[in-house]
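The structure appears right after this line, and notes come after that.
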């Protein structure tokens, strides 16, 4: 003989199971909005949403060569981005390198209409500098921040940095860094990754 299970009982079970499910986490916001359709050649690349992309904590790691900035070895740490309002942002980094622990404070002024970022950097290892970046992007959702620093002094030498920041996905970006000492040519300083902490 078949037993008929009351519909009210089934509804109660389903409600109980649903209640046990963890709440859905909001998706990490990427640099490119969802157009709801394939992109077209005539589409304009939307401006970079700096706050939407960078806000939060990121872990970084790379191996640096010996230079005026310090000895060779592994570097790792965490960077936290926050908005200060009116197109101004701050990034606070804490890390560990060949010379021990260090901190870096960065202040960004983003002129979205001009696709320009001005960045002031203060490093606890003994140097500060200003760099500017042009912002470029493509319809594939990848954005590029092309920084070039003013000359500054580190390790008793005049140093210049170029940093090509590539926003590859909502969860990670990569930076190709080159350094020049004195009047010398730029040379590779590593290609570190920043990976977003997702809870």
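The values are calculated or read from the model by the stated rules, or taken from the named source; none is laboratory data. Note that the structure is predicted; figures quoted are calculated from it, not measured. Counting neighbours? That spans all protein chains shown, and the Cβs are built from the backbone with ideal geometry, glycine included.
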Quiz item: If you go through the stretch 175-199 one residue at a time, how many are assigned to a loop (DSSP other than H, G, I, E, B) and closer than 23 Å to residue 71 by Cα?
Solution: 9
Practice problem: Please tell me if residue 53 is surrounded by 15 or more Cβ atoms within 10 Å (Cβ to Cβ) and either closer than 25 Å to residue 184 by Cα or at pLDDT 95 or above (or both). | Solution: no
Practice problem: Provide a single number: the residues in the stretch 97-113 that are surrounded by fewer than 13 Cβ atoms within 10 Å (Cβ to Cβ) and either under 20 Å from the mean Cα position of the chain (by Cα) or at pLDDT 95 or above (or both). | Solution: 3
Quiz prompt | Residue in the stretch 148-165 that is within 14 Å of residue 54 (Cα to Cα), crowded, with 16+ Cβ neighbours inside 10 Å and under 17 Å from the mean Cα position of the chain (by Cα) present | solution = yes
Quiz prompt | Selected residue (criterion: farthest from residue 167 (Cα to Cα)) from residues of the stretch 47-58 that are touching a residue at least 60 places away in the same chain (Cβ under 8 Å) and part of a loop (DSSP other than H, G, I, E, B) | solution = 47
